[in-house]
Amino acid sequence: MEAFASPAAASAGPKPADLQGQLLIFKPIEYRTGIETVNGPADAISCDVINLDTNQEHSDVLFFNIAIRNALRPLIGQRVLGRIQQGVAKPGKTAPWIIVDAAADQAAIAKASAYKPSAPAAPAAAGGVPPEVAALLAQLGAKPL
């Protein structure tokens, strides 16, 4: 019998406040317009985000914040090294979320350069046994059930 994986649950992804101050690699994928939200249609930038402080990878994260959106839009297809911070609030407004450039910070560059993406899990061999276990069983002359 063949085993099937369940589809991944929909996730809203991390919010700017969740990532505040952490060293991130942004990989802008595309600019999307007219996304239906509870507040009506909105534009967003879709990014893959690598959090270098927690070693977490987030795929297809939507940023609706204008400053973040505008900072990443011209950089689609490139990698951006930075930290999310709050900018200066205009009178009567809340402080915007912004990306602070970390491309000139040698320690940040070193950390980003040393990052190794997580490897996808190896597919299970016939019978649902991972390949490394099947190899060990074969060395012992045993067969999986």
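The values are calculated or read from the model by the stated rules, or taken from the named source; none is laboratory data. Note that this is a predicted model, so its numbers are computed, not measured. Ideal geometry is used to build each Cβ from the backbone, glycine not excepted, and the neighbour counts take in all protein chains shown.
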(request) Answer with yes or no whether Ala71 is at pLDDT 95 or above and small (Gly, Ala, Ser). (result) yes
(request) Please find, among Thr54, Thr94, the residue that is closer than 19 Å to Pro14 by Cα, out of contact with any Phe, Trp or Tyr (no Cβ under 8 Å at 6 or more places or on another chain) and in a loop (DSSP other than H, G, I, E, B). (result) Thr54
(request) Tally the residues that are assigned to a helix (DSSP H, G or I), at pLDDT below 70 and either surrounded by 10 or more Cβ atoms within 10 Å (Cβ to Cβ) or under 28 Å from the mean Cα position of the chain (by Cα) (or both), restricting the search to segment 109-131. (result) 2
(request) Tell me which residues, restricted to segment 36-58, are under 21 Å from Leu23 (Cβ atoms) and in contact (Cβ under 8 Å) with a residue 24 or more places away in the chain. (result) Ile45, Cys47, Val49, Ile50, Asn51, Leu52, Asp53, Thr54, Asn55, Glu57, His58
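One line per residue, one yes/no per condition, for (1) touching a residue at least 24 places away in the same chain (Cβ under 8 Å); (2) surrounded by fewer than 19 Cβ atoms within 10 Å (Cβ to Cβ):
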site	(1), (2)
Ala71	yes, no
Gly77	yes, yes
Gly82	yes, no
Val88	no, yes
Gly92	no, yes
Ile99	yes, no
Ala102	yes, no
Ala107	no, yes
(request) Could you please find all residues in segment 38-59 being more than 11 Å from the chain's Cα centre (by Cα) and not polar (S, T, N, Q)? (result) Val38, Gly40, Pro41, Ala42, Asp43, Ala44, Ile45, Asp53
(message) Restricting to segment 1-33, give me the number of residues that are surrounded by 10 or more Cβ atoms within 10 Å (Cβ to Cβ) and at pLDDT 90 or above.
(response) 18
